[in-house]
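Let me begin by presenting the structure, written as structure tokens, before commenting on it.
The values are calculated or read from the model by the stated rules, or taken from the named source; none is laboratory data. As the structure is a prediction and not an experimental result, all values here were calculated from the model. Because the Cβ atoms are built from the backbone with ideal geometry, glycine has one as well, and the counts that use them run over all protein chains shown.
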Amino acid sequence: MERKHTKEEKLQAFGRLLDVMDRLREECPWDRKQTNESLRANTIEETYELCEALIRDDQREICKELGDVLLHIVFYGRIGEEKGQFDIADICNKLCDKLIFRHPHVYGEAVAKDAEQVLESWEQIKLKEKDGNKTVLSGVPSALPSLIKAYRIQDKARNVGFDWEDKQDVWGKVREELDELEAEMRRDDKEKSEQELGDFLFAVINAARLFKLNPDNALEMTNQKFIRRFNYIEQHSIRAGKPLRDMTLEEMDALWNEAKVLEKEANK
């Protein structure tokens, strides 16, 4: 970005987007055909593409993917307007009203010296909203991926005081759940083992939260690391003309370690 855009230029750009959306909806056969239901899967895909760009910290891609997500928001706003239910102005105003209500330390008389104090009152404020959450955990979407859902459940419970007083104590819970998992696996009880595995993962995610680590980001970084190293093994097998299934575990381990060394050297 060569220069910072003025507020007027930003408003003009948003208005241009609305004009483009209106014309596409009226003149393009594909855009005219879309519904909330048909767009839903694409919205999920675009959101994940944005998340991938954020993980890579690729600013060019982040800007592009934000545009794709914004397109969907504007699209849903246009569909809502056609149905006489709401429009993009309603979406913006409802969001602004919510933000103002949830920030009494900015728009009211409340005081919050740091982010922790803001979070302490967050859930109580949301429970007071007219159309807000009826219970503390009702604001966690049921469709969230399980790992992210576990983190959000724990975080919301923390906001109302249900948390470890000393974060170091969580390690005892992690070890306890691991012992119970190992015990059920030794008994070869698949159903109970799966339940204990869930308890163990929940405890590990809780530990990550307490120590201000994002378990979803951490796991995705490990996923990407595994992909890079496994691809290195596969590329070597292709160059050698030897299928992966014909390689020994020792050969693959050696290439895996090679990939690790190359990564460390590249990151120096």
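Collect the residues in the stretch 74-112 that are of a type in the set (A, V, I, L, M), in a helix (DSSP H, G or I) and exposed (fewer than 12 other Cβ atoms within 10 Å of the Cβ), keeping them in residue-number order.
Ala89, Leu95, Leu99, Val106
Output the residue which, of all residues in the stretch 14-65 that are of a type in the set (Ser, Thr, Tyr) and out of contact with any His (no Cβ under 6 Å at 6 or more places or on another chain), is surrounded by the most Cβ atoms within 10 Å (Cβ to Cβ).
The extreme case among them is Thr47.
Between residues in the stretch 87-102 that are more than 17 Å from Phe75 (Cα to Cα) and residues that are modelled with pLDDT of 90 or more and of a type in the set (Asp, Glu), which pairs lie under 7 Å by C-beta distance while being six or more apart or on different chains?
Close Cβ pairs (under 7 Å, with a partner that is modelled with pLDDT of 90 or more and of a type in the set (Asp, Glu)) do not exist here.
Restrict the check to the stretch 184-195 and report whether at least one residue is at pLDDT 95 or above and either touching a strand residue (DSSP E or B) at 6+ places or on another chain (Cβ under 9 Å) or within 25 Å of Ser138 (Cα to Cα) (or both).
Checking the stretch 184-195: at least one residue is at pLDDT 95 or above and either touching a strand residue (DSSP E or B) at 6+ places or on another chain (Cβ under 9 Å) or within 25 Å of Ser138 (Cα to Cα) (or both).
State the number of residues belonging to the stretch 30-57 that are of a type in the set (Phe, Trp, Tyr) and in contact (Cβ under 8 Å) with a residue 12 or more places away in the chain.
Residues that pass the stated criteria total 0.
This table checks each residue for (1) within 18 Å of the chain's Cα centre (by Cα); (2) modelled with pLDDT under 95.
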position: Asp68; (1), (2): yes, no
position: Ile79; (1), (2): no, no
position: His105; (1), (2): no, yes
position: Leu119; (1), (2): no, yes
position: Ile125; (1), (2): no, yes
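How do the pairs read when you match residues in the stretch 228-255 that are over 25 Å from Arg56 (Cα atoms) with residues anywhere that are in a loop (DSSP other than H, G, I, E, B), using Cβ under 8 Å and keeping only pairs 6 or more apart or on different chains?
Between residues of the stretch 228-255 that are over 25 Å from Arg56 (Cα atoms) and residues that are in a loop (DSSP other than H, G, I, E, B), the close pairs are Ser237/Pro243; Ser237/Met247.
Please go through (1) surrounded by 13 or more Cβ atoms within 10 Å (Cβ to Cβ); (2) under 30 Å from the mean Cα position of the chain (by Cα) for Ala254 and return the number of the only condition it doesn't satisfy.
Of everything listed in (1) surrounded by 13 or more Cβ atoms within 10 Å (Cβ to Cβ); (2) under 30 Å from the mean Cα position of the chain (by Cα), Ala254 misses just condition (2).
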